[in-house]
Amino acid sequence: MALFPAFAEVATNKVEDSSKELDWLKNKSFQTGEALSLHSRFSEKTNEEVNNRESSVGREVSSAEEEKEEGQVPPKKKKKKSEKKRKKKKKHKKKSGRYSDSSGSDSETVFPSDLKREEEKARPQAAPLSSRFSWLDDLQTPTEQPFCVDRKAEAANWTYKSLYRGNVARYRRKGSSSLGLDPRRQRVSWEETESNKKQKGGDKKRAADRYFSAASRKLLRSEPPVPTLPNIPEGSDVISLTSFVSLGDDKENRGGETGERVQTSLGNPLGVYDSSTALWLQGKGQPEKQKQDVQTAGPLAGRTEEFNRRLREQPEDTQLWIQFIHYQDELNASVFAGEEESKGSDGAERGKASYRAVLEKKLSIAERAVATNHGCIALHLERLRICQELWEPPALAKEWKKLVFLHPNSAPLWREYLLFAQSYFSNFTVSKVHAAYGKCLSTLSAVRDGSMVSHPALPGVEDDMLDIFTQQCHFLRQCGHSEKAISLFQAMMDFTFYKPDNIRQLSTRQQVEFFETFWDSGEARVGEFGARGWKAWMLQQERGGWLQPNEEEDEDEEEDGEEVKDRSQPRWTVWLDVESSREAVQWLPWRPDKAKGQSEEDCEDPDRQVLCDDIGPSLIRLSSPELQLRLVLRFLSFLGLPVDPVLSAAPCQPGLLLENLSLLTQGTELRSPLHSHGLPDPGVNSVGHMTTLQGTRKWAGLGRHGERFVTNVFSMVQPVLPVHLRAVLSLSWMQYEKLKVLRCLRGGNKKRLRSQGKSSKRVAKQLLKEADNRSSLVLWREYGHLEWVLGNLEEARKVFSTATAMGGAKGLRSPALCELCLLWAQLEVEDGGSVRGGGLSDVTVSPAVCVLTGLAEGTSSSSSQTLTPVSILKARRSYEQALTAGLSALDQNPHNPPANRKGQEDLLGESLSLRGLVGCYALLQYLTMGIQAANAVYSEAKERMEALHRVLTLDKQPNIKEEANPASTNASQSSGDSSPTSRHYVNRLACECEALAVQQAALLKYHNSIGVFPLATLRHALTSALSSWPSSAPLWSIYIQVENRYHSAGRARRFFHSVTRDDSGVVPRLFAIVAEQQRKQLVDAAQRSCCNDAALPILPENGLSNRIRGLFESAIETEMGSHCPLLWRMYMHFLMSEGKVDKATGIFYRALQHIPWAKGLYMDAVQLFPERLQEFVDLMTEKELRLRLPLEELDILLEE
């Protein structure tokens, strides 16, 4: 090997005598004789002939061989070259006078030491080692060493199933021989080299020094948080907080620090170090006591000690126990997160072990809390939530049953147990959950009647029973058992309104036994033709019964054509079509027609029959008229009719019922931007509408038989209600007819729109002809709007004018007249293209201004009369005075709501209805003065009403806490000492505040679309309203429409995050997902529309798919989101739209663990994964979901 490899070829040509060429490397002072004598003594001691042979092998050769053996684990080239250079330098320094052949070839002769130099010169040089293998016969001259040194790596070791390079042990050859090992001088070291150890240690140190490494984050978490504002003593007279953070502490600490600085010492001559630093400079440590204080001074340890101290002092504080249980998650994340992440591959296993340890710790705390507060339901629920992740399903179900047995009078506990029963997939079947609902309602009825002496009835038990009954009906509808749900409502109508007088004093169980005879008698029930009620049937039975009337209308009951329209379609498509069409037609229970001689055996589908055993345990007694009206309204809402949200009092768990995308797409009509939010869609499917997520309705309403059923229900229920409450049902019916017309208008089918318009107008006129409804301004308003929607503008104006003439004398004192004129004015503004808030040259000719001015004057309004400026000024003053009086009436005594002269008006909330007055005043200001004046009116009214609502809500917070119902977020569910009247007052006030916010946002958005206006005002109005009412779907819809017009999504994302962080509802999370999905559609459409080299109209944004998936995951991790069918179904469809079939399948099976009762989920799965139709149908059959078309019948239909 040449000394300088770059000049190896030159050296080979020039060198003839290596001794002359390397003369400059020789040591002249070295004596050869001494070396020979030393060598002779060495040879005598060893007496081994092998050394003479091995001495001819050079150190350079052994070094190269050593590198070859180490090279089995291939290092980098640069590192190999540097190591060779380093070894050569060391050899030149240690051994002087050594020289070698600088031939540069792979085989060079290297003399082992200078001791043999003279001896080698005297005899001929040994033959050089060969660099390649050859046969012995091929050698021309015999050699003393018939072998060669092969330094080339064996490639077969890495290629042909021999040794894997990762399994080759690292070793370091010690010695200089390249052929075999000398046991005295050579051995193999299986240890790592010192350089590798240093290098690995260095890597670990550098990794730990990374800013966001596990160790660094753990260090940051261990430090106490820096205060953002200075602490102000309680007794100080400081009124306002300072706007800066002071650098120093209080006076005592500053004095102590100053005293320490004065005490200088040898280690602290200037007094600038603190005590710990001064001790460290002197080589001393802190006292043991101070060290312990420092170690335990962390914020987490301090909080734990604080929790333990407070719980020792106040063991009956249940909220503190729950906070301590939840704090364990935070403690685990802070203490163990860094250690788990730093373990590498074992991090997941250690994470699971750590999580289970935390669960067991939380369980022990919960058991201590329950032992201390045995009667607290909230602690029992918290304990069972923890056990749900630790225990097996049978043990968990047994514990739930034990708990409801010990606390049978707790409706919140029953509600949580029912949610567990219907969402725990391993134990779920429809019959089990239905029986659990019946057991719950029968037990609460026994407690309410006093039959269960061991447990008293809690306040508000009837409200809770009605909520649970409604939840049971929706559960059956979502499972596909619509017949049982309708039968439950029918039975409750008879059980509540048509109960015989002679059994009203009996217990609920005894009344159900009497009711069974009526149910099994075959008599017509509520909603059926010829129904007379339970009471009339009992009286007639005592007289000998009556003859059944001829059911003339039943002659029309013939099925529509063939069910399978196109047999060429795929099998799964036919199944979905037939299944959804049967759901739309067969939701009514099957009854045998005695006129045709039918019996129960003639029913082709036994599941369509409902026996009394299926509904008897769920019947309950409702004593108050308010709850009876709520039952009727919930029945109408179940049928798909719009109802008053305050009177119907939405259930406490609305996320369970959300299934329809209409909740997220409402309010998008461009033709009616001002009044399109008058009928908000609740997002709950009506009975008979069971399709896939993006499926369309079969009819605008309920079909021919369904409409007849609704008409019979109205005709039977209205006579038994008080006179002042009948208008509520009439209003719901009228709005339902208008809603069907709007659906036909959106569908675009003119023929269906024409027929539906005729039938809806006929129903509306029949309602207005009734004596109780002739003077109802609310119904006249809806009829006028119906005519306007159908395009009959002049007819609608006549209707509005007639209505204002009837109630014109009341003027601004009539909330119904204010709302009628507001709707009329809004329609005129939308229809008149020349009106530009404040920009009209002559507002005296504006139809909307004429309507609003006539309302203020108390005269009959007309949209065609001419006004004077004085009349407009008078109207403005009248509006201002009326609004001031109305707001002052609210502030007089908020704790005792004012009662009107007529008691019925309190239930309808007319004393609180200011939306019409405020809307008319704001619209007049907008048309005459501008948008700023209108916004000021809305802002003043909203501020006063929301302040009153906050006062009333805060007064009820103690009652809510005492209820120990953490699962309920609705204030109306707390039935403490607050009366139903005050709860209704608070809910009505909240509804009015939300309606005002929607009106303000709609007006600002309308003005922003027709003129130039700063967007900041609209954004501020929307964000402030949504912060107060985060579950308002109309407000979120307007907010998304506004923000999606601009390409900067950062502001909207921050706002969504702030709202979802403080609110546990599912509605904000759904709209956050919709906003991102619409943004992704916009970006994808822009990228598809442009060529490869063209500029995009908007900047493409990456990562939207991952962001949307993150929003879905965070939503389904919440308690309410995990049981929301709409959320899971949207997640599945989104993944399929991205082409991720496997992940969508995984989401389906995850959804089954949380919402196994939702039949719509299975139908979506059939649409998305059609090859698994048989599997999904078998699963529905196993869980006892309603299957209207078995696959065997499908095959028969396809063969016909």
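The values are calculated or read from the model by the stated rules, or taken from the named source; none is laboratory data. All figures in this text were calculated on a predicted structure; none of them were measured in a lab. Cβ atoms come from the backbone with ideal geometry, glycine included; neighbour counts cover every protein chain shown. Only protein heavy atoms, including side chains, enter the accessible area calculation; ligands, DNA and RNA are left aside. Shrake-Rupley method; radii C 1.70, N 1.55, O 1.52, S 1.80 Å.
Quick notes on this one:
- Condition check for Thr1017: β-branched (Val, Ile, Thr) and in contact with a Phe, Trp or Tyr (Cβ under 8 Å, 6 or more places away or on another chain): no
- For region 1157-1200, the set of residues classified as of a type in the set (Lys, Arg), in contact (Cβ under 8 Å) with a residue 40 or more places away in the chain and either open to solvent by 70 Å² or more (accessible area, probe 1.4 Å) or not in a loop (DSSP other than H, G, I, E, B) (or both) consists of Lys1159 only.
- For region 802-815, a residue qualifies if it is surrounded by 20 or more Cβ atoms within 10 Å (Cβ to Cβ) and under 22 Å from Leu767 (Cβ atoms), and the qualifying residues are Ala803, Thr804, Gly807, Ser814, Pro815.
- Test: residue in region 488-505 that is more than 30 Å from Val684 (Cβ to Cβ) and either open to solvent by less than 50 Å² (accessible area, probe 1.4 Å) or at pLDDT below 85 (or both): yes
- Top-ranked residue of region 791-837 - restricted to ones that are touching a Leu at 6+ places or on another chain (Cβ under 8 Å) and outside any helix (DSSP H, G or I), ranked as nearest to Lys758 (Cα to Cα): Gly808
- Against the test of being surrounded by 22 or more Cβ atoms within 10 Å (Cβ to Cβ) and modelled with pLDDT under 65, the options Gln957, Gln973, Gln999 yield a single qualifying residue, Gln973.
- Only one of Thr711, Thr691, Thr696 that is free of Cβ contacts under 8 Å to residues at least 40 places away in the same chain, hydroxyl-bearing (Ser, Thr, Tyr) and in a loop (DSSP other than H, G, I, E, B): Thr696
- Residue in region 1102-1111 that is in contact (Cβ under 8 Å) with a residue 24 or more places away in the chain and either outside any helix (DSSP H, G or I) or exposed (fewer than 13 other Cβ atoms within 10 Å of the Cβ) (or both) present: no
- Search result, residues across region 1119-1156 that are buried (at least 18 other Cβ atoms within 10 Å of the Cβ) and among the β-branched types (Val, Ile, Thr): Ile1147, Ile1155
- Residues satisfying the stated conditions in region 607-648, i.e. basic (Lys, Arg) and modelled with pLDDT under 90: Arg608
- Some residue of region 653-666 being modelled with pLDDT under 85 and open to solvent by less than 10 Å² (accessible area, probe 1.4 Å): yes
- Residue within region 677-685 that is open to solvent by 10 Å² or more (accessible area, probe 1.4 Å), β-branched (Val, Ile, Thr) and at negative phi present: yes
- Helices (runs of 4 or more DSSP H) (entirely within region 376-484) containing at least 3 residues that are of a type in the set (Phe, Trp, Tyr): 411-423
- Residues considered: Pro625, Pro719, Pro617. Of these, the only one that is free of Cβ contacts under 8 Å to residues at least 60 places away in the same chain and open to solvent by 30 Å² or more (accessible area, probe 1.4 Å) is Pro719.
- Residue check, Leu739 touching a Gly at 6+ places or on another chain (Cβ under 7 Å), in contact (Cβ under 8 Å) with a residue 24 or more places away in the chain and either surrounded by 14 or more Cβ atoms within 10 Å (Cβ to Cβ) or hydrophobic (A, V, I, L, M, F, W, C) (or both): no
- Residue check for Glu910: at pLDDT 80 or above and either open to solvent by less than 30 Å² (accessible area, probe 1.4 Å) or not polar (S, T, N, Q) (or both): no
- Qualifying residue in region 403-412 (condition: open to solvent by 30 Å² or more (accessible area, probe 1.4 Å), over 21 Å from Ala650 (Cβ atoms) and in contact (Cβ under 8 Å) with a residue 60 or more places away in the chain): no
- All positions within region 649-666 that are assigned to a helix (DSSP H, G or I) and closer than 17 Å to Ser1032 by Cβ: Pro654, Gly655, Ser662, Leu663, Leu664, Thr665
- Among residues of region 564-589 being among the hydrophobic types (A, V, I, L, M, F, W, C) and open to solvent by 50 Å² or more (accessible area, probe 1.4 Å), the one that is modelled with the highest pLDDT is Trp572.
- Exactly one residue out of Gln471, Gln510 is closer than 15 Å to Ile620 by Cβ, under 33 Å from the mean Cα position of the chain (by Cα), open to solvent by 20 Å² or more (accessible area, probe 1.4 Å) and modelled with pLDDT of 90 or more: that is Gln471.
- Hits in region 320-337 (condition: part of a helix (DSSP H, G or I) and either loosely packed, with under 14 Cβ neighbours inside 10 Å or modelled with pLDDT under 85 (or both)): Gln323, His326, Asp329, Glu330, Leu331, Asn332, Ala333, Ser334, Val335, Ala337
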